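The structure appears below as structure tokens.
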Amino acid sequence: MVRATDQIATRVQEDRPVSKMHKRRWRLAITAIYFTRVLNSLSKKILKKTGPLLRTLSYVTIDVHRLKDNSSREKMASYFNVDPKAFSDMVRDKNFVSLSQIGGAKDIASILRTDVRDGINGGETDLIQRKIVFGENTYRNPPAKGFLSFLFAAFKDTTIIILLVCAVLSLTFGIKQHGWRDGWYEGGSIILAVIMVVSVSAVSNFRQSRQFDKLSEKSSDIRVEVVRNGRRRPISIFEVVVGDIVYLKIGDRIPADGLFLEGHSLEVDESSMTREIDLIEIYERSPFMLSGAKVTDGFGFMLVTSVGMNTAWGRMMSSTNRDLKEETPLQARLSNLSSCIGKVGFVVAALVLAVLLIRYFTGNTKDDRGNREFIGTKTMSDDVMNAVVGMIAAAVIIIVVAIPEGLPLALTLTLAHSMKRMMADHALVRKLSACETMGSATTICTDKTGTLTLNEMEVTEFWLGKEALRDYTSFDMASNVLKLLHQAVGLNTGGMIYKPHSASIPEISGSPTEKAILSWAVFSLAMDIEEVKHNYETINVEAFNSLKKKSGVLVKENGEKTIHTHWKGAAEMILASCSTYYDRAGMQKTIGEEERLQLGTIIKNMAAKSLRCIAFAHKEMAEADGQVLENLEENGLTFLGLVGLKDPCRLEVKTAVESCRAAGVNIKMITGDNVHTARAIAIECGILNVDENLDHESVVEGVHFRHYSPEERMEKINKILVMARSTPFDKLLMVECLKQKGHVVAVTGDGTNDAPALKEADIGLSMGIQGTEVAKESSDIVILDDNFTSVETALRWGRSVYSNIQKFIQFQLTVNTAALIINFVAAIASGKVPLTAVQLLWVNLIMDTLGALALATEKPTNDLMEKPPVGRSEPLITIIMWRNLSAQALYQVTIVLILHFKGVSIFGVDKKVNSTLIFNTFVLFQVFNEFNARKLEKKNIFTGLLTNKMFLAIIGITIVIQVIMVESLKRFANTQRLDWGQWGACIGLAALSWPIGWLVKSIPVSIKNR
């Protein structure tokens, strides 16, 4: 049997002699590949530079660094002898036998030229070589739909197919009757108009699909922490290479396949791969880690052995890529609305067709010369068929105009536009429904740290026992206490300190709290973390727990038999476990009732100054008969010290909170800090008013909230503004209670344990910087900058989506109502419809695609934040909208029917010119009414007009095309040229819709019926 090492590791040259010529050829090939990749990489960098290129007439100069010596070539040659598939199969199959034959994870790290402590070199050359041999950490997605797919889908619409059939028949009869020269116009014009309408719709849908695909790619670009050249740094998941050492903590998603190197209490959830919830403990005997799994407990370092399509997750990704184009609740409501309107249009079209057929075959219709069109058997069959086809086409056009297919398009456009703009405003939408639901939010439950505050921690106070050390850099404390504090900080931390040289400034990484405490210990207590870690052996680690709100470590000093337990966490919880404390002199003293009260007062006073209080505790034990303890002692501890961390509020957060409250949205702060810190921060952010009853109603602790009876919770839930010392369960419980009360709830979260609350809420908002991948995947929107201001911006955009859809519905229903009534009345009264098929298709294009583009891209305004939130059961078409559209539709119907029946005598023109006047006036009605639709309630419809360039462009394009159709495309559009007076009359009649809209908006509507 072939040994695994022979399959994977580098073969020694003696096992397989290679001629010098073959070696030379391999090196030449390797150098060529390397040079090509480097040249491509460097050329991209240079092209991105703003400075000029060094040009001559015949070439561009690019500085390319050659391989300095044979070591790089030999290193890359060794990579080529590694079989990536063998690594991939070993980890995916969890083949411990193969791993043992190689020697273990550290031996594989050696093969991959990875230092288990400092990671890979991370230089450009090193990264390129690894990508050439092992591939990149990207996945092959299913091919995107092309433009032709959207075009074909648009042509599959039933009404479009019927219309095309009618157009083809009309074209056939027209050519047969009038010849090619004159017979193609009517049928050919309909075909061209249909192609134009379908093409514009397909182009729009294609562009939005591409936009959603880009957002999908962005949402899958997560950040991971790797160790390179001794430094821990965050990088994109797509930049991870084989040989990287990845740092993993609770909530992280494993970015590639790999092997466990070191860590404590590491557990992963592989349900994303196995579809079964099964927590896997990771340690030396079970080191295999699969990409896509999530860390549920502990922390550790992993050696990457496979990336991209070579991983188990990569093979699944190509067939299970997440699709952002799900149907949202509003899309479903619009589809139902479209269906209802379409049915009405179908009934009207059927009635119109029946009336037209009856009038035609009873001899009640006349041609342009005043002769009866149907005179029994004397009428040629071709003329009868042509007339019938024309009537069917007119009926089908009525259906086309009646069906508001622009509604789904408008929502797609506004969602895509909003998602794009929200991305620029630091909000990444993961689920489309969140865009619209966010606008209906009535309550926002927000975290404190990083969302309301800057998340830039700094230790500003240090208490040793009952004494505050103002100048603790002088080390005016006992050496034994200083040594214990070094242990407490250096051994019980999830952070890391990078210091390449003794004279260099330390670079500290980790969470903001860890960074602040490490920085304090290094610069104020002169802690050397490498020395501390070198002198102690870690036996057990208990990672930070949101319930206990503390973390601990069990260590043993090298060469000693003493076991040390260190705890770090929430001050009052640490204090509750302590029975003694150290003073400045290093003496242990008992904590009596008086001392406990004094220390509690110190914590309370620090918290009142908005400080986060973190305490350290320690316990020393001796080994019993050589038995090493494995469990951390939690009682009888010695209180080591207390630090106060200042995390300033964001300057802009108070304005954002006030804006939300003015919009009728309640803001509730949920934090793990104690009640005094929480109250101080809430007052500073504007969530609490100092005049309110802060103690009994507005501020509550999580433990009290969860012990309320269900009736008490439901009674007090609306009054609670701050919940302190809360757990993820408390947050979930609050969300459930608020939803039972009828609220539309948005909730922020960053931890793994926040996932249930994020899923339960109507809108889950995870944090992009501090948020874990579990939290992000459970959320609907990712706040990329962790700033509450971005939450308020998302609320604005959510309201904008709903408002824009309502504007478009009002605009389109006005056209639908007017067109249906006009065609129905005209058909019954005169036997003819006022507008031809081509003209109605142009109107359809204006009100559907162009109207959606004009009205669906309006930016959010401050007016949106002056209205109360829309409830769950709020009707899509409000009384205000019915008021506006009824008045405009009535005016349009009245004017068009007057022109249809009396226009010839009023203007003294023939029927063809009158038909053109009707067509021109009706189109201009829609142009002017688009301005009315911009503001549903405000009388000033021009506010912010110049900032919406899309709207102005659509209006300009519509007017230009209309002028061309009337003045130039006479045969195509069946129009006649109009003189200046006739144009002025059309414009004047259409412009009257503005003062009518102004007067109608003066009609009061009760707030209840808005």
LYS759, sole failed condition from (1) open to solvent by 20 Å² or more (accessible area, probe 1.4 Å); (2) outside any loop (DSSP other than H, G, I, E, B); (3) in contact with a strand residue (DSSP E or B) (Cβ under 9 Å, 6 or more places away or on another chain): (3)
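It is to be established whether one or more residues within segment 956-964 are part of a loop (DSSP other than H, G, I, E, B) and without any contact (Cβ under 8 Å) to a residue 12 or more places away in the chain. Spell out how you get there, then give the answer.
Residues of segment 956-964 that are part of a loop (DSSP other than H, G, I, E, B), as a first pass: none.
Scanning segment 956-964, I find no residue that is part of a loop (DSSP other than H, G, I, E, B) and without any contact (Cβ under 8 Å) to a residue 12 or more places away in the chain, so the answer is no.
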Leading residue by the ranking (most open to solvent (accessible area, probe 1.4 Å)) among those in segment 455-468 that are assigned to a loop (DSSP other than H, G, I, E, B) and closer than 27 Å to SER509 by Cβ: GLU456
Selection status of LYS912, surrounded by fewer than 22 Cβ atoms within 10 Å (Cβ to Cβ), more than 16 Å from GLY997 (Cβ to Cβ), touching a residue at least 40 places away in the same chain (Cβ under 8 Å) and not hydroxyl-bearing (Ser, Thr, Tyr): yes
VAL825 being open to solvent by less than 10 Å² (accessible area, probe 1.4 Å) and either within 28 Å of ALA416 (Cα to Cα) or over 35 Å from the mean Cα position of the chain (by Cα) (or both): no
Pairs, first under 16 Å from VAL657 (Cβ atoms) in segment 448-464, second open to solvent by less than 10 Å² (accessible area, probe 1.4 Å) and in a strand (DSSP E or B), C-beta under 6 Å, six or more apart: LYS448/MET669; THR451/THR748
Within segment 962-1010, considering residues that are surrounded by fewer than 13 Cβ atoms within 10 Å (Cβ to Cβ), small (Gly, Ala, Ser) and more than 19 Å from HIS900 (Cα to Cα), the one modelled with the highest pLDDT: SER1002
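Mind telling me which of the residues ARG706, ARG725, ARG661 ends up being crowded, with 21+ Cβ neighbours inside 10 Å and of a type in the set (D, E, K, R)?
Matching residue, one of ARG706, ARG725, ARG661: ARG725.
Taking segment 730-746 as the search range and keeping residues that are hydrophobic (A, V, I, L, M, F, W, C) and in contact with a Lys or Arg (Cβ under 7 Å, 6 or more places away or on another chain), which one is nearest to PHE705 (Cα to Cα)?
LEU733
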Matching residues in segment 737-755 - criterion: being assigned to a helix (DSSP H, G or I) and at pLDDT 90 or above: CYS737, LEU738, LYS739, GLN740
Segment 493-534, residues that are part of a loop (DSSP other than H, G, I, E, B), polar (S, T, N, Q), open to solvent by 30 Å² or more (accessible area, probe 1.4 Å) and under 21 Å from GLU456 (Cα atoms): SER511
Failed item in (1) open to solvent by less than 10 Å² (accessible area, probe 1.4 Å); (2) farther than 29 Å from GLU267 by Cβ; (3) in contact with an Asp or Glu (Cβ under 7 Å, 6 or more places away or on another chain); (4) part of a helix (DSSP H, G or I), with ALA678 passing the rest: (3)
Which listed residue, of GLU594, GLU701, is within 39 Å of the chain's Cα centre (by Cα) and open to solvent by 10 Å² or more (accessible area, probe 1.4 Å): GLU701
Index of the failed condition, ILE918 passing every other in (1) modelled with pLDDT of 95 or more; (2) touching a His at 6+ places or on another chain (Cβ under 8 Å): (1)
Subset of segment 211-244 [at pLDDT 90 or above and within 12 Å of LEU428 (Cα to Cα)]: none
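The values are calculated or read from the model by the stated rules, or taken from the named source; none is laboratory data. Bear in mind that the values here come from a model prediction, so they are computed numbers and not experimental data. Glycine also receives a Cβ, built like all others from the backbone with ideal geometry; neighbour counts cover every protein chain displayed. When the accessible area is computed, the model is the full protein with side chains, heavy atoms only, and any ligands, DNA or RNA have been set aside. Shrake-Rupley method; radii C 1.70, N 1.55, O 1.52, S 1.80 Å.
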